[in-house]
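Written out below as structure tokens is the structure these notes cover.
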Amino acid sequence: MADAGTLLSLEGVTKRFGSLVVADAVTLDLPRGQALGIIGPNGAGKSTLLNLIAGNLMPDQGLIRLNGRDITGTSLTQRCRMGMGRAFQIPQTFSRLTVFETLLVAASQGRGISESEAAGDCVSILERTGLLDRANQVSGSLNLLQRKRLELARALATGPDLLLLDEIAGGLTEAECASLVGTIRSLHAGGTTIVWIEHVLHALNSVVERLIVLDFGRVIQDGAPDAVMASREVQEIYLGIEA
Amino acid sequence: MRYRVQTGQGGSWIVALAALVIVVVFAALPFFGSRSLMQDLFFVFTMLTLAQFWNLLAGYGGLVSVGQQMFVGAGAYGVFAAAILWGINPVAGLAVSAVAALVLALVSAVFVFRLNDAYFAIGTWVVAEVARLSFAQWKAVGGGTGTSLPREARRNMWGADWVEQVTGLRAAAAMDVVSYWLALALVVATIGGIYWLMRRKTGLALAAMRDNPQAAASAGLNAGRIKLAVYVISAVGAGIAGGLIFMQNGRVSPDSAFSVIDWTAYVIFIVVIGGIGTIEGPIIGVIVFFLLQSLLADLGSWYLMVLGLLGILIMLFAPRGLWGLISGRTGFALFPIQRRLFIEERED
Ligand SMILES: Nc1ncnc2c1ncn2[C@@H]1O[C@H](COP(=O)(O)OP(=O)(O)OP(=O)(O)O)[C@@H](O)[C@H]1O
Ligand SMILES: [Mg+2]
């Protein structure tokens, strides 16, 4: 049993798609306030792990606890209301709603408040994510980069204690990446617990204090970013990719 | 940062004024219009009511039902049973229609809400067929062959006397006027109610669910509860419409009251060609449907084929329907629900 400082814990979480094991007895404790990075090759099971945590998928075996409470069988909606905010790798837009309306619905439903109570926070999130000038644009007409920003913005609008991010830095310019890192850092400094899957390693490593490596659904490395990056497994995987 | 949120667009008062004028003209029609025009409009209003509720159900709730005829049928039998068995005035009988549809909605939800997507569609149809066969066993209201509304129930219809005196119409025509006014009131209340809902927090949630159910759930939206609410509301609406349609008709039978073609297939056609997931779509759709029906009614079964073909073409080439073509180009909305953000003062 995890100690009182643990926000999220996974115990032997396993998920199979047919004969393919995409999460292989993953056990993990996430202290409150920690920023955790997840890396690994394509198809390693990173997004699947996030889907299991957020409730998009149910594990075949294992337990998921939030604040010590077993949440394994709870729905996506319940987990959002317990304080999980999720940005998808493939942006999920409300195509006929505007950017502002997207945040309004996430804030008002996710936190159970009225639209007018939610509006002020939505405006400040728009500002922080660089979407203020697009507030009244219909989401379906955004380009990929703008959709990725909206993913982050929608996740933030639900007022999360635990922010789950899936590859939100890809394709950004240096300046945009720096501002994204600044935003996530300030959330982290404000006490938000973060799980961030990212291929843009310099962005990730400038924020997280812990890094895990997934390969074939297993956690093969877990530790401080420097140590993990220097490990032989990571060198092989990433040199393998870059070669 | 100072900001302001505005729902709707500039100039929407013009639309509101136009809507008011249209409603007033429709309401006054019995004093100058022909009886056949009133009967046509009665048909248009009731079909539009059914279309608005099916759109709420399928367009926003993602619940593609092909069993709405169950609630139309239950509503129809509600009025007839109330009049025949308990001597209740048919107009008051519409409350029985609503209750009958409500009860059937709650009972059927237990079954159909275990199913998803295509299975939900088939499930609703099967449940509606079971309801049709069950009502056909009810001897007191005519069993399989059906029955007529008793003469005295029709004669005593609330408001008919007053209409007779004011307009000098004969009794039968006066009853048509009462039905017509009720249909007008029903369609105005339906559109107004749905518009009111769409401007509220729940309406925004419905629009999000329409666009992306998965993202809506991860944004904290309780889809299950909203879907059940939409199912029940649409059932009650269809029930009242059904009660009214058959009250005006004066005769009911299981086959006509539970007709999947009349009360679901045509309704789906109206919503799909007009534009699913909008309030405007069913309005455009019902106008097109009515025109096609007037033009092609003589073609017999060819008429159904033309409707089907048109429906398929629209689905392929204009999936947001005729209204989608208009609003997509112009951004115009008759029933504006978009929340627009205006920044009045920026700080650096
Ligand atoms: N719903 C599904 N059904 C079957 N297989 C799936 C499903 N979702 C994912 N997979 C498979 O599971 C494996 C892990 O996928 P996942 O998306 O978790 O990888 P990932 O680590 O996020 O990869 P990437 O870096 O490309 O995003 C892949 O082989 C993928 O094809
Ligand atoms: Mg992934």
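Among the residues of segment B:196-226, how many are within 17 Å of the chain's Cα centre (by Cα) and open to solvent by 10 Å² or more (accessible area, probe 1.4 Å)?
Residues flagged as within 17 Å of the chain's Cα centre (by Cα) and open to solvent by 10 Å² or more (accessible area, probe 1.4 Å) within segment B:196-226 amount to 2.
Looking at (1) open to solvent by 10 Å² or more (accessible area, probe 1.4 Å); (2) away from ligand 2 (no atom under 16 Å from the Cβ), which is the one condition that is false for A:I71?
(1)
When only residues in segment A:110-122 that are free of Cβ contacts under 8 Å to residues at least 12 places away in the same chain and assigned to a helix (DSSP H, G or I) count, which is nearest to the other protein chains (Cβ to nearest Cβ)?
Top of the filtered list is A:E115.
Hey, among the residues in segment A:57-105 that are aliphatic (A, V, I, L, M) and part of a loop (DSSP other than H, G, I, E, B), which one's nearest to the other protein chains (Cβ to nearest Cβ)?
Out of the qualifying residues, it is A:L97.
If you go through segment A:18-34, how many residues are away from ligand 2 (no atom under 14 Å from the Cβ) and in a strand (DSSP E or B)?
Residues flagged as away from ligand 2 (no atom under 14 Å from the Cβ) and in a strand (DSSP E or B) within segment A:18-34 amount to 10.
Restricting to segment A:35-51, what's the tally of residues that are touching a strand residue (DSSP E or B) at 6+ places or on another chain (Cβ under 7 Å), away from chain B (no Cβ under 14 Å) and either within 16 Å of ligand 2 (Cβ to nearest atom) or open to solvent by 30 Å² or more (accessible area, probe 1.4 Å) (or both)?
Residues meeting the conditions: 11.
Return the residues of segment B:298-348 that are part of a helix (DSSP H, G or I), over 19 Å from B:I270 (Cβ atoms) and within 14 Å of chain A (Cβ to nearest Cβ); say none if nothing qualifies.
Matches in segment B:298-348: B:G328, B:R329, B:T330.
Output the number of the condition that B:V110 fails; it satisfies all remaining conditions of (1) of a type outside the set (K, R); (2) within 18 Å of the chain's Cα centre (by Cα); (3) open to solvent by 30 Å² or more (accessible area, probe 1.4 Å); (4) closer than 25 Å to B:G203 by Cα.
Unmet condition: (2).
Just give me the residues in segment A:77-94 being more than 16 Å from ligand 2 (Cβ to nearest atom), surrounded by fewer than 22 Cβ atoms within 10 Å (Cβ to Cβ) and hydrophobic (A, V, I, L, M, F, W, C), in sequence order.
A:M82 - this is the single residue of segment A:77-94 that is more than 16 Å from ligand 2 (Cβ to nearest atom), surrounded by fewer than 22 Cβ atoms within 10 Å (Cβ to Cβ) and hydrophobic (A, V, I, L, M, F, W, C).
Which is open to solvent by 20 Å² or more (accessible area, probe 1.4 Å) and touching a residue at least 40 places away in the same chain (Cβ under 8 Å), of A:L172, A:L145, A:L201, A:L152?
A:L201
Please count how many residues of segment B:263-321 are of a type in the set (V, I, T), open to solvent by 30 Å² or more (accessible area, probe 1.4 Å) and closer than 27 Å to B:G237 by Cα.
Total satisfying the criteria: 6.
The values are calculated or read from the model by the stated rules, or taken from the named source; none is laboratory data. Since the structure is predicted, the reported quantities are computational estimates derived from the model, not experimental observations. Backbone-built Cβ (ideal geometry, glycine too); neighbour counts: all protein chains shown. Surface areas here come from the heavy atoms of the whole protein model, side chains and all, with no ligands, DNA or RNA. Shrake-Rupley method; radii C 1.70, N 1.55, O 1.52, S 1.80 Å.
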